[in-house]
Amino acid sequence: MLYAGHTHCASCGAKWLENRITMRQVAADFSDMYLGFDTKFVHTYYDLFKKPEAVINGYLNGRRVYYMDAVRYLLLALFITGIYVFVIKQTNVMDEYMKVSGIQDSIAFSNMSPEQIEQQMAFSSAFMDYQGIILLLTIPLLAIAGRITFWGKKHFNFTEHVVFFLYTYGHMVIVTTPISILLIYISPPVFYYWSFIGYLFMFLHTAYCYKRCFQLDTGTIILKSMISIIVMGALIVLTIIIGIILFITFLVIAEKSGYDISNFLPAQPA
């Protein structure tokens with residue numbers, strides 16, 4: 001009786017549905033979320049450029065009706081990443097990438113046996129298959145770096161930094177990946193250089209969002225950016241060391257358990 005004659009909750013504003021869900025309803029919800037110029041996606045996409053503090057701080061302070069929530073925004077980024085991986089696998093852009101980067105002309109590549117080259121290509125293919133997982137694992141690492149860089153009670157805690165990067169990192173994936181896909185078909189050599197420009201753009205946008213969210217002056221954000229580079233570099237080195245230790249431990253345990261680990265080791269040149 002409380003909802004009789006009403007379409008939305010008077011307390012939170014959520015839509016009240018009494019009928020069973022249909023494909024028409026799903027299409028209408030999708031249209032409300034993504035299509036048109038007055039949708040949550042458009043508001044979120046536009047304001048993460050213009051006023052990111054309204055999106056991020058608003059979400060952290062409980063204002064979550066006007067914009068897409070952080071997790072859903074990242075899921076959209078994962079979907080676009082899946083399209084990117086599919087396009088990479090359907091084209092020969094990686095061959096062009098290796099030519100432009102000079103990898104194929106390097107001494108190390110010329111000394112590789114056909115088996116080693118095949119293993120290297122298989123590793124690259126597997127790496128592309130797990131781009132989504134890598135994206136998800138990158139966010140906690142960035143959140144740790146952000147928490148160390150902006151240490152103190154007046155700044156975000158770890159979970160709030162995770163939300164920050166769900167928005168900012170996901171946003172940069174949504175912005176840069178369609179351009180990457182377009183360049184794959186138009187100009188693979190330009191795609192090689194764009195991959196580096198994209199990371200620079202991501203770094204600058206992250207600094208800009210921190211500046212707006214914390215209301216920092218230009219000198220402070222430049223200093224914090226330099227600190228974050230050092231912190232992130234140390235975390236990457238530490239992550240690689242931990243990964244190597246875990247991999248070696250896995251091989252030792254597997255060998256002692258009687259498993260053949262020769263497939264996990266690099267092939268020896270003849």
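Between Lys51 and Leu136, the contour length at 0.36 nm per residue exceeds the Cα-Cα span by 28.1 nm. Counting only the Cα atoms, the stretch 141-270 fills a convex hull of 188 Å³ per residue. Ordering Phe201, Phe191 by accessible surface, largest first, gives Phe201, Phe191; the 1.4 Å probe counts only protein heavy atoms, with every chain in place.
Exceedance of the 20 Å cut-off in Cα-Cα distance is limited, within the set Lys40/Lys153; Lys50/Lys211; Lys40/Lys154, to Lys40/Lys153; Lys40/Lys154. Counted by Cβ distance under 14 Å from Leu60, the other residues give a net charge of +1, where Lys and Arg count +1 and Asp and Glu count -1.
Between Tyr185 and Ile242, full extension at 0.36 nm per residue minus the direct alpha carbon distance yields a gain of 16.7 nm. The value of relative contact order for the stretch 122-194, using C-alpha pairs under 8 Å at least six residues apart, is 22 percent.
Note on the stretch 175-216: Rg/Rh from C-alpha atoms, Kirkwood Rh, equals 1.18. At what distance in nm do the modelled label points of Phe203 and Val87 sit from each other, each positioned 7 Å from its Cα along Cα→Cβ? About 2.5 nm, to one decimal.
Using a probe of 1.4 Å on the protein chains alone, the accessible area found for Val65 is around 100 Å². Ordered by solvent-accessible area of protein heavy atoms (1.4 Å probe), largest first, the residues Ile197, Ile174 come out as Ile197, Ile174.
The values are calculated or read from the model by the stated rules, or taken from the named source; none is laboratory data. Every value quoted in this text rests on a predicted model; they were computed, and no experiment measured them. Backbone-built Cβ (ideal geometry, glycine too); neighbour counts: all protein chains shown. These area figures cover heavy atoms from the full protein model, side chains too; ligands, DNA and RNA do not enter into them. Shrake-Rupley method; radii C 1.70, N 1.55, O 1.52, S 1.80 Å.
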